[in-house]
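A.B. asks: A single structure is presented below for examination.
Every read-out reported here was derived from the displayed coordinates using simple, explicitly stated rules and does not represent laboratory data. Just so you know, these numbers come straight off a predicted model, no measurement behind them. Quick reminder, even Gly has a Cβ in these numbers, built from the backbone with ideal geometry, and neighbours come from all protein chains shown.
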Amino acid sequence: MAPRKVKIAPSLLAADFTRLAAEIEKVEKAGCDSLHLDVMDGHFVPNITIGPFIVKAIRKITRLPLDAHLMIENPDRYVSSFAEAGADHITVHAEACRGNLSGVLRAIRSYKVGCGVSLKPATGLSEILPFLSEIDMVLLMTVNPGFGGQSFMPEVLPKITELRKVFQGDIEVDGGINPETSRQTVAAGANVLVAGTYIFGKPDARKAIEELRG
């Protein structure tokens, strides 16, 4: 089997929001594959970030695929808002779906957008194994969600390996990704890398992306 292409998704959480259009243009020209939009509600995670209004504005200024990572309670209530705002892919947390993951996945698919599920580091794969046929991408958090700039948690690496044994879709990792940890996660089976600080904190975004891609 041919090796999977390693895709890079800069997290806008680390961008300079006073010049957001320029920041997006920078990473688009640098060769990234998509944009990762961290949506936080102050309830599921202890931080508040962007909503559909900002996603709609971003959609107007880039052709890159937009992945809305919903770190929010009751995500089923907001799927339509993010899909209609222009998200190409919507990722929800299994922990936030409160036993209705299948229903939330159906709601996402009804809008003809990509469908993803995320797990916190402490959440076992058993939460999503029955639903893998309904999922395009699994996002395994390599930090506890809620804030950028955290350190990578290597204890998640075996979970990546176990998931790859049974899942042929995209496996995304998010949190503490740099050239060293990107190599570790790709070796374990991941193929989509979310990085914020490492990309937006560097003067040469193209070089940073190439370093992560390996």
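A.B. asks: Rounded to the nearest 0.05, what FRET efficiency is calculated for E127 and S81 with R0 set to 25 Å and r the Cβ-Cβ distance? Intermediate results must be reported in sequence, preceding the final value.
C.D. replies: Numbers: r = 25 Å, r/R0 = 0.99.
Rounded to the nearest 0.05, the efficiency is 0.50.
A.B. asks: Okay, helix-only estimate at 222 nm for the chain: each DSSP H run of n ≥ 4 adds -39500 (n - 2.57), divide by all residues, round to 500 deg cm²/dmol; what do you get?
C.D. replies: On the way: 8 runs with 67 residues, N = 214.
Computed ellipticity for the chain at 222 nm equals -8500 deg cm²/dmol.
A.B. asks: So, one more: Taking θ as phi - 60°, what are the ³J(HN,Hα) couplings along region 62-71 by the Karplus curve (6.51, -1.76, 1.60), each to the nearest whole Hz, with x for Gly and Pro?
C.D. replies: Result, rounded to whole Hz: 8, 9, 5, x, 10, 9, 8, 9, 8, 9.
A.B. asks: Sort H43, H89 so that the residue with the fewest other Cβ atoms within 10 Å of its own Cβ comes first and the one with the most comes last. Can you show the working numbers first?
C.D. replies: Details: H43 12, H89 24.
Exposure proxy ranking, most exposed first: H43, H89.
A.B. asks: Mind running the shape call on region 7-213? Use the C-alpha gyration tensor, a ≥ b ≥ c as the square roots of the eigenvalues: rounded below 1.5 for a/c, prolate if a/b tops b/c, oblate otherwise. Let's see the in-between values first.
C.D. replies: Numbers: a/c = 1.59, a/b = 1.11, b/c = 1.43.
Oblate, since a/c reaches 1.5 and b/c is not below a/b.
A.B. asks: Now for a separate question. Quick one: check the C-alpha center-to-center distance for region 103-153 versus region 26-81, whole angstrom.
C.D. replies: 14
A.B. asks: If you don't mind, there's one more thing I want to ask. Taking region 1-85, which trypsin sites (Lys or Arg not before Pro) meet the DSSP loop condition and have no more than 16 other C-beta atoms within 10 Å? Provide the component values of the computation, followed by the final result.
C.D. replies: Details: sites: R4, K5, K7, R19, K26, K29, K56, R59, K60, R63, R77; in loops: R4, K5, K60, R63.
Here the sparse-neighbourhood loop sites are R4, K5, K60, R63.
A.B. asks: Scan around A195 for amide H atoms under 5 Å from its own, H built in the peptide plane at 1.01 Å from N, and keep only partners 5 or more places away or cross-chain.
C.D. replies: Result for A195 returns A9, S11.
A.B. asks: Moving on to the next point. By count of other Cβ within 10 Å, fewest leading, how are L125, L119, L140 ordered? Mind showing how you got there, number by number?
C.D. replies: Numbers: L125 17, L119 21, L140 25.
Exposure proxy ranking, most exposed first: L125, L119, L140.
A.B. asks: Under a Cβ-Cβ cut-off of 13 Å, what is the net charge of the residues other than P154 that fall near it, where Lys and Arg count +1 and Asp and Glu count -1? Walk me through the numbers before you get to the answer.
C.D. replies: Values: positive: K159, R183; negative: E155, E180.
Spelling it out: positives minus negatives among the neighbours equals 0.
A.B. asks: Among the listed pairs K5/K159; K56/K159; K56/K165; K7/K56; K165/K202; K56/K207, which have their C-alpha atoms separated by more than 25 angstrom in this model? Mind dumping the intermediate values first?
C.D. replies: Values: K5/K159 20 Å; K56/K159 34 Å; K56/K165 37 Å; K7/K56 23 Å; K165/K202 35 Å; K56/K207 29 Å.
Correct reply: K56/K159; K56/K165; K165/K202; K56/K207.
A.B. asks: Where both residues lie in the chain, what percent of DSSP beta bridges are antiparallel, nearest 5?
C.D. replies: 5
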